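Q: Have a look at the structure that comes next, please.
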Amino acid sequence: MKGKIRVLVLVFSVFFFTTAAYPGDIKPGFRIWGGLTLARYEGLPTPVGIPETNYKNAFRAGLGLGAGLELKVSGMPLTVILDLGYLGKGTSLDVYYLDTKVGSLPYRLGTLSQIGMIKAGLTDRKLAPYFLVGYELGFVLRHRGTPFGLDGPDLKPDTKKTDFCLLAGAGLELRLETASPFVEFRYGHGLVNLSRNTGSLEYYPDLKSRTLLFSAGMRFGKK
């Protein structure tokens, strides 16, 4: 994972150093967004107790909110996005006895996330589609759940402090003079095993986040 982080840092560093010599060619903008997250965990708990019991992860809905900067490079179809936001993650752990679903246990994970993305797309159209690629560095604010029927314990002490995800997505922007609305879809692929394998997460050997974000927002700045 450290190698992938270094590659991302290198990509963004090269971009900034390449454009630093031409500060007049970078158009800054401000953006705000909000939307719905659909998240689940990759990784299941080790079955304990009744051997016929098994588990499946299902998507759980949450909230996503954020704001940040857009740095547009004139003459190029590239924009750097630097966001700060809250993302609701987690999962719904469905419990099965043989093939019959007997219950569902909610897990709620919230992160304060620093997001860096490169936006590439058409700039000469009023209705402009674009693609996104980047990273998310999330700081765990809370993690609560009901493992094995326990009543909503605090899982944060047994959870790693940070999550790191690779991002990919797409969007559509209505380019206006000073305020341009947009809609976006993003997928976040977590690389960090969030479980410390202690306490309430003792039976989770591997716990990684997977997050879909559907959002709408507004970009302020000249097109």
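Rule-based calculations on the coordinates, nothing more; no lab input. Just so it is clear, the model here is predicted, and its values are computed rather than measured. Quick reminder, even Gly has a Cβ in these numbers, built from the backbone with ideal geometry, and neighbours come from all protein chains shown.
Q: Add +1 for every Lys or Arg and -1 for every Asp or Glu among the other residues with Cβ under 12 Å from the Cβ of residue 111, and state the total. Show your work: numbers first, answer last.
A: Working: positive: 89, 108, 142, 156, 160, 161; negative: 136, 163.
Result for the local shell: +4.
Q: Let me check I have the definition right: for region 92-223, take the eigenvalues of the Cα gyration tensor, multiply each by 5, take square roots. What are those semi-axes in whole Å, largest first? Kindly include the intermediate steps, with their values, before the conclusion.
A: Values: eigenvalues 282, 53, 31 Å².
Semi-axes (√(5λ), whole Å): 38, 16, 13.
Q: Going by C-beta contacts inside 10 Å, put 189, 143 in order with the fewest on the left.
A: Details: 189 15, 143 24.
Least to most surrounded, the residues fall as 189, 143.
Q: If you take every residue apart from residue 87 with its C-beta less than 15 Å away from the C-beta of residue 87, what net charge results, scoring Lys and Arg +1 and Asp and Glu -1? Each step should come with its number before you reach the end.
A: Working: positive: 40, 60, 89, 108, 142, 186, 208, 210; negative: 83, 136, 163, 184.
The answer is +4.
Q: Follow-up. If you put +1 on each Lys and Arg Cβ and -1 on each Asp and Glu Cβ, how big is the dipole of region 24-81 around its Cα centre, in Debye rounded to 20? All intermediate terms of the calculation are to be shown ahead of the outcome.
A: Numbers: 6 positive and 4 negative charges, 31 e Å.
So the dipole magnitude of region 24-81 works out to roughly 140 debye.
Q: Kindly flag which residue pairs out of 101/160; 89/126; 56/160; 101/208 have an alpha-carbon separation exceeding 32 Å in this structure. It would help to have the intermediate numbers written out before the result.
A: Values: 101/160 30 Å; 89/126 34 Å; 56/160 22 Å; 101/208 23 Å.
From the list (101/160; 89/126; 56/160; 101/208), the Cα-Cα distance tops 32 Å for 89/126.
Q: Let me ask another. What is the dipole size for the chain, taken about its Cα centre, with +1 at each Lys and Arg Cβ and -1 at each Asp and Glu Cβ, in debye to the nearest 20?
A: Working: 28 positive and 18 negative charges, 117 e Å.
It comes to approximately 560 debye.
Q: Now for a different question. Please report, in whole Å³, the volume per residue of the convex hull around the C-alpha atoms of the chain.
A: Working: hull volume 25.9 nm³, N = 223.
Looking at the chain, the number lands at 116 Å³ per residue.
Q: Want the number for residue 154 to residue 112: 0.36 nm per residue separation, take away the alpha-carbon distance, what's left? Could the numbers behind the result be given before it?
A: Working: separation 42, 0.36 × 42 = 15.12 nm, distance 1.76 nm.
Fully extending the segment from residue 154 to residue 112 adds 13.4 nm.
Q: Only counting other Cβ atoms within 10 Å, I'd like 163, 25, 99, 158 sorted with the fewest neighbours first.
A: Numbers: 163 25, 25 12, 99 7, 158 20.
Final ranking by Cβ density, sparse to dense: 99, 25, 158, 163.
Q: Give the order of 215, 209 when sorted by the count of other beta carbons within 10 angstrom, beginning with the fewest. Could you put the intermediate results ahead of the total?
A: Working: 215 20, 209 26.
Going from sparsest to densest Cβ surroundings: 215, 209.
Q: A further question follows. Have a look at 140, 43, 113 and report the one farthest towards the positive end of the charge dipole of the chain, computed about the Cα centre with Cβ charges (Lys/Arg +1, Asp/Glu -1).
A: In the chain, that residue is 113.
Q: Please give the net charge around residue 190, taking every other residue with its beta carbon less than 10 angstrom from that of residue 190, where Lys and Arg add +1 and Asp and Glu add -1. Before the final figure, lay out each step's value.
A: Numbers: positive: 89, 208, 210; negative: 42, 136, 163.
Around residue 190, the surrounding residues sum to 0.
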